[in-house]
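*Asks:* Once you've had a glance at the structure underneath, I'll fire off some questions.
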Amino acid sequence: MKHNNDTKLMTLLAAALLSACGGESDSTTTDTTLDQQVRALADSQGLTGDPSQGRALPSIESPQAQLGMQLFFSKGLSGTLDTACVSCHHPFLGGGDDLPLSVGVEADLPDLLGPGRLHSSAGHHFDGGPTVPRNAPSTFNIAFYDDVLFHDGRVESLDKTPGLSGAGGGIRTPDSPFGVADPTAGGNLATAQARFPVTSKEEMRGFEFEADGDNTSVRDHLASRLRGEVVALSGNTWLEAFRTGLEQPAASAETLITYDNVAAALASYQNSQVLVDNPWRAFLAGDDDAIGSDAKQGALLFFTEVADGGAGCSSCHQGDFFTDEQFHVVAMPQIGRGKGDGVDGTDDFGRFRETGNPDDRYAFRTPHLLNVADTGPWGHAGGYGSLEAVVRHHLNPRQAIARYDTSQLDPSIQVSNLQANTGRALDHLDALLAAGKSKLVAAALDDDQVQQLVAFLNALTDPCVTTPSCMAQWIPDDALLDPDSLRLHAEFQ
Ligand code: HEC
Ligand code: HEC
């Protein structure tokens, strides 16, 4: 492995230089050296800072993405007419919902997104807390996943060709057996994924809609609703929206308004959310001042193996998209209702649920880290509210869980089994480490180094993400037809 040797050399060089220069040296010289070290290390791992290179991605201005935006914001896609995709994936909330665990149908205030979004304790099926068992990932940059979507990868490209996001071969979904292509999955991972939120009772379907039906009957019912065959929507102008979006001005509702076309348009909208123009990329492109020296030190730690004095992060968060798209046990806090696993159903076995492979128990997909400072809370169940806590967890999971303070969570979130469930994940992690099957090598970092890693993570945010006027292109304005008057106009606490 030539690259590894280069990396090792650079790191040793870096360490030697840093300790030799110390604090007394001329700061310009030190910075120049640091810049060179970081760039050489990045080079040795083939990084450019830009994961979008060589990909054909839709523009938000394209008619199909505009149709996708109309659909993404419409509560008409939920069985209960009160929840839209955007309820949990808002452009102003980092493409997520800013909650540890999502709150879907029958929220007290359906248009209130983010903190404060709760279920009525009086409502049926609910006891107040979030009913969705996992954290909503950001929709930003999902176009760069080539292998899997979801925390457990249950939407999976079967050929995993780099750069194609599942377009190369078949895609497995929850509608098909493990390892088998779903013939209805559509052309890419995002299209395949968009078939499922509407079928989830907690997210969008509700508990009465097509109560005896399967996933297909839910989607068929929604499509016929948009076509106007089932009268649920007032002033329905979806046909006009689909004709414009799919650029077929004379086609019929039967041809245009199908769930396949709904999913493809939703994917187009999400795949247009390319937000990769961050300071780290600018630094790699040559702008020395794009990131501070603490972030540069953080980068050295991030991309250097533990054995060579680094933090070893890039052994899993690798490449310009910061993920190997593999599944690892890191034992982040298991809070909330769980996925029905374990002794009392409050556990979440992660990838094991799909593969049945004992090693995969408690394993979750390595998430990408672009814009990560703006996509918290973090972890598959959203247990961590600060990046520092997430970093410290990786360095010593058992200690982090032992010290985990549940008072940071909304009291509506179930935590009684947190220690027991996460304890089993920690034991499994230890077993994998003992068997040489884990890449989570403990690194002993001091407080400054932890802050440096956090500074590096902060350098991965595209300024557009935190600038409402920039994100506005992904939010429908009044000029864009609201085909069912059920557009979600978000309120924030
Ligand atoms: C009630 C909240 C909620 C709603 C509504 C919702 N989602 Fe999600 N979304 C989630 C959660 C939670 C996950 C993670 C689930 C998992 O991994 O098991 C997720 C996962 C995803 C992912 C996978 C991202 C990744 O990194 O793998 C995409 C894409 C996505 N949702 C798009 C959509 C679309 C499109 C809609 C509307 C059709 C939608 N979501 C509606 C909560 C929601
Ligand atoms: C063994 C592989 C592995 C290594 C090494 C690793 N991570 Fe992770 N990381 C993961 C996995 C898997 C998750 C998701 C865990 C979950 O959802 O429960 C994760 C989650 C995260 C998150 C939260 C992202 C989110 O969207 O929720 C951050 C931030 C993060 N890692 C940063 C780091 C840093 C910094 C390092 C180095 C100190 C590091 N990781 C090392 C596998 C790894």
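The values are calculated or read from the model by the stated rules, or taken from the named source; none is laboratory data. Keep in mind that this is a model prediction, so the values were computed, not measured. Here the Cβ positions follow ideal geometry from the backbone for every residue, glycine too, while neighbour counts run over all protein chains shown.
*Asks:* Does segment 334-341 contain any residue that is at pLDDT 95 or above, within 9 Å of ligand 2 (Cβ to nearest atom) and not assigned by TED's automatic domain parsing to the domain that holds Arg154?
*Replies:* Yes: one or more hits.
*Asks:* Which condition breaks for Arg134 when tested against (1) farther than 25 Å from Gly356 by Cα; (2) buried (at least 23 other Cβ atoms within 10 Å of the Cβ); (3) touching a His at 6+ places or on another chain (Cβ under 9 Å)?
*Replies:* Result: Arg134 fails condition (1) only.
*Asks:* Filter segment 67-87 down to the residues that are in contact with a strand residue (DSSP E or B) (Cβ under 7 Å, 6 or more places away or on another chain) and near ligand 1 (Cβ under 8 Å from one of its atoms) and list them by number.
*Replies:* Those that are in contact with a strand residue (DSSP E or B) (Cβ under 7 Å, 6 or more places away or on another chain) and near ligand 1 (Cβ under 8 Å from one of its atoms): Ala84, Ser87.
*Asks:* Of (1) assigned to a loop (DSSP other than H, G, I, E, B); (2) surrounded by 15 or more Cβ atoms within 10 Å (Cβ to Cβ); (3) in contact with a Leu (Cβ under 9 Å, 6 or more places away or on another chain), Ser485 satisfies all except one. Which?
*Replies:* Among (1) assigned to a loop (DSSP other than H, G, I, E, B); (2) surrounded by 15 or more Cβ atoms within 10 Å (Cβ to Cβ); (3) in contact with a Leu (Cβ under 9 Å, 6 or more places away or on another chain), the lone unmet condition for Ser485 is (2).
*Asks:* Residues that are at pLDDT below 95: find the helices (runs of 4 or more DSSP H) completely inside segment 1-109 holding 2 or more of those.
*Replies:* 2-21, 27-44
*Asks:* Tell me, which residue of segment 318-351 that is β-branched (Val, Ile, Thr) and more than 12 Å from ligand 1 (Cβ to nearest atom) is surrounded by the fewest Cβ atoms within 10 Å (Cβ to Cβ)?
*Replies:* Keep residues of segment 318-351 that are β-branched (Val, Ile, Thr), which gives 323, 329-330, 335, 343, 346.
Imposing the further condition that a residue be more than 12 Å from ligand 1 (Cβ to nearest atom) reduces the set to 329-330, 335, 343, 346.
Numbers: Val329: 27, Val330: 21, Ile335: 30, Val343: 10, Thr346: 22.
Checking each candidate, the answer is Val343.
*Asks:* Of the residues in segment 352-383, how many are small (Gly, Ala, Ser), outside any helix (DSSP H, G or I) and more than 15 Å from ligand 1 (Cβ to nearest atom)?
*Replies:* 1
*Asks:* Of the conditions (1) within 16 Å of ligand 1 (Cβ to nearest atom); (2) in a helix (DSSP H, G or I), Ser412 satisfies every one except a single condition; which number is it?
*Replies:* (2)
*Asks:* Moving on to the next point. Pick from His119, His151: which is of a type outside the set (Ser, Thr, Tyr), modelled with pLDDT of 95 or more and either assigned by TED's automatic domain parsing to the domain that holds Lys339 or buried (at least 18 other Cβ atoms within 10 Å of the Cβ) (or both)?
*Replies:* The conditions single out His151.
*Asks:* Does Thr304 satisfy being crowded, with 22+ Cβ neighbours inside 10 Å and either within 8 Å of ligand 2 (Cβ to nearest atom) or of a type outside the set (Lys, Arg) (or both)?
*Replies:* yes
*Asks:* Would you pick out the residues in segment 173-194 that are more than 14 Å from Tyr269 (Cβ to Cβ), touching a Ser or Thr at 6+ places or on another chain (Cβ under 8 Å) and either of a type in the set (A, V, I, L, M) or in a helix (DSSP H, G or I) (or both)?
*Replies:* Selection gives Ala185, Leu189, Ala192.
*Asks:* Name the single residue that is farthest from ligand 2 (Cβ to nearest atom) among those in segment 171-206 being polar (S, T, N, Q) and free of Cβ contacts under 8 Å to residues at least 24 places away in the same chain.
*Replies:* If we take residues in segment 171-206 being polar (S, T, N, Q) and free of Cβ contacts under 8 Å to residues at least 24 places away in the same chain, then Ser176 is farthest from ligand 2 (Cβ to nearest atom).
*Asks:* Out of contact with any Lys or Arg (no Cβ under 9 Å at 6 or more places or on another chain), among the aliphatic types (A, V, I, L, M) and within 13 Å of ligand 2 (Cβ to nearest atom): does that describe Ala442?
*Replies:* So Ala442 passes the test.
*Asks:* How about segment 416-438: which of its residues are surrounded by fewer than 17 Cβ atoms within 10 Å (Cβ to Cβ) and either in contact with a Leu (Cβ under 8 Å, 6 or more places away or on another chain) or modelled with pLDDT of 95 or more (or both)? Talk me through it step by step, then tell me what you get.
*Replies:* From segment 416-438, those surrounded by fewer than 17 Cβ atoms within 10 Å (Cβ to Cβ) are 416, 419-420, 423, 427, 430-431, 433-437; that's our starting set.
Across segment 416-438, the qualifying residues are Gln419, Ala420, Gly423, Asp427, Asp430, Ala431, Leu433, Ala434, Ala435, Gly436, Lys437.
*Asks:* Okay, next question. Determine which single condition Leu445 fails, assuming it passes every other condition in (1) away from ligand 1 (no atom under 16 Å from the Cβ); (2) in a loop (DSSP other than H, G, I, E, B); (3) not assigned by TED's automatic domain parsing to the domain that holds Phe322.
*Replies:* Every condition holds for Leu445 apart from (3).
*Asks:* Of all residues in segment 77-110, count the ones that are under 20 Å from His221 (Cα atoms) and of a type in the set (A, V, I, L, M).
*Replies:* Of the residues in that region, 4 qualify.
*Asks:* Go through segment 128-143 and report how many residues are more than 14 Å from ligand 2 (Cβ to nearest atom) and among the hydrophobic types (A, V, I, L, M, F, W, C).
*Replies:* 2
*Asks:* Out of Gly310, Gly298, which single residue is under 23 Å from Val38 (Cβ atoms), more than 14 Å from ligand 1 (Cβ to nearest atom), assigned to a helix (DSSP H, G or I) and in contact with a Leu (Cβ under 6 Å, 6 or more places away or on another chain)?
*Replies:* Going through Gly310, Gly298 in turn, just one is under 23 Å from Val38 (Cβ atoms), more than 14 Å from ligand 1 (Cβ to nearest atom), assigned to a helix (DSSP H, G or I) and in contact with a Leu (Cβ under 6 Å, 6 or more places away or on another chain): Gly298.
*Asks:* Continuing with this model, one more query. Output the residues belonging to segment 179-212 that are aromatic (Phe, Trp, Tyr) and in contact with an Asp or Glu (Cβ under 6 Å, 6 or more places away or on another chain).
*Replies:* Hits for segment 179-212: nothing passes.
*Asks:* Looking only at segment 154-202, filter to residues that are near ligand 1 (Cβ under 10 Å from one of its atoms) and aliphatic (A, V, I, L, M); which one of those is surrounded by the fewest Cβ atoms within 10 Å (Cβ to Cβ)?
*Replies:* For segment 154-202, the residue satisfying everything is Val198.
*Asks:* Still on this structure: Could you list, in sequence order, all residues of segment 142-164 that are in contact with a helix residue (DSSP H, G or I) (Cβ under 9 Å, 6 or more places away or on another chain) and closer than 29 Å to Val105 by Cβ?
*Replies:* Across segment 142-164, the qualifying residues are Ile142, Ala143, Tyr145, Val148, Leu149, Phe150, Asp152, Gly153, Arg154, Val155, Glu156.
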